[in-house]
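Derivation of every value follows stated rules applied to the coordinates shown; laboratory data play no part. This one's a predicted model, so the numbers in the text were calculated from it and none came from an experiment. All Cβ positions, glycine included, derive from the backbone under ideal geometry; neighbour counts span all protein chains shown.
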Amino acid sequence: MLPRARFLHRAGYSVLLFDLQAHGESTGDRITFGIKEGLDVASALDVLRQKAPGERVGVIAVSLGGAAALLGPHPLAVDALVLESVFPTIVQATRNRVGSLGTTLLLWQLGPRLGLSVDDLRPIQHIRDVRAPIFIVGGEEDHWTPPAETRAMFDAANDPKNLWLVPGAAHEDLYAVAAQKYEQQILGFFHRSGVGGS
């Protein structure tokens with residue numbers, strides 16, 4: 001996320017980066033595929049609101065971060081939301097990564113290990129709750145969240161919404177593959193949504 005943060009900072013935005021639990025430097029011993037991570041996102045927004053009261057807020061959330069943004073305790077109170085490479089359901093995400101047999105074995109463990117069901121992990125159902133302008137972005141070469149799944153997320157979202165499938169990009173390399181176009185697209189979306197830098 002650092003290259004994204006740098007270009008946003010250059011464009012005059014204040015930027016808050018944080019690690020979800022059990023990622024990077026944050027504590028935690030397991031991921032919950034967006035459920036508990038959604039609490040992290042809500043807490044980060046609370047901190048941001050305290051540090052910059054009254055400021056308009058845009059969020060860029062990638063992959064699991066995007067699922068967490070959607071699966072949190074309530075719809076995010078933001079002014080613009082960018083979702084990159086977000087899986088529609090945990091079943092699809094797991095199947096895309098480990099195949100059918102691995103999916104059956106892994107998803108069977110959701111209940112005993114995490115107290116979750118596959119129905120708890122359906123970001124596509126929660127995207128309908130987003131009231132902010134939304135920009136759905138994915139890679140045309142993404143095998144973990146294929147373009148058809150990115151389009152399904154777009155179709156499920158409310159207006160106003162935008163879709164961009166980045167040619168040549170896979171799952172998390174959208175900015176690396178198309179940096180200049182990425183900056184234009186994201187800054188344009190934020191400006192149209194009233195979330196402006198300097």
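For every other residue with a beta carbon closer than 9 angstrom to the beta carbon of Gly138, add +1 if it is Lys or Arg and -1 if Asp or Glu, then tell me the sum.
Around Gly138, the surrounding residues sum to -3.
Which Cα, out of Phe190, Gly65, Gly115, lies furthest along the positive dipole direction of the stretch 2-191 (beta carbon charges, K/R +1, D/E -1)?
Farthest towards the positive end: Phe190.
Given charges of +1 on the Cβ of Lys and Arg and -1 on the Cβ of Asp and Glu, with all other atoms neutral, how large is the dipole of the stretch 2-191 about its Cα centre, in debye to the nearest 20?
180
To the nearest 10 degrees, how steep is helix 179-192 against the longest Cα principal axis of the chain, on a 0 to 90 scale?
The two axes meet at around 70 degrees.
Running a GNM on the chain with Cα contacts under 10 Å, which residue among Trp144, Trp108, Trp164 ends up with the highest mean-square fluctuation?
With Cα springs under 10 Å in the chain, the top fluctuation among Trp144, Trp108, Trp164 is at Trp108.
Using Cβ counts within 10 Å as a stand-in for footprinting exposure, how do Lys161, Lys181, Lys51 rank, fewest first?
Lys51, Lys181, Lys161
Helix 35-51 sits at what angle to the longest principal axis of the chain, using alpha carbons and giving 0 to 90 degrees rounded to 10?
That helix lies at roughly 20 degrees to the long axis.
Which whole-number percentage describes the relative contact order of the stretch 2-191, with Cα contacts under 8 Å and a sequence gap of 6 or more?
18
Rg and Dmax of the stretch 154-198, using alpha carbons, in Å: what are they?
12.0, 33
For helix 90-108, what angle does its Cα long axis make with the longest principal axis of the chain, in degrees from 0 to 90 and rounded to 10?
30
Could you work out the pair-distance distribution P(r) of the stretch 1-135 from its alpha-carbon pairs, with 5 angstrom bin width and percents rounded to whole numbers?
Per 5 Å bin, starting at 0, the Cα pair percentages come out as 2, 10, 18, 23, 20, 14, 8, 4, 2, 0.
Which of these, Glu37, Glu141, Glu55, has the largest mean-square fluctuation under a Gaussian network model of the chain (Cα springs below 10 Å)?
Glu55
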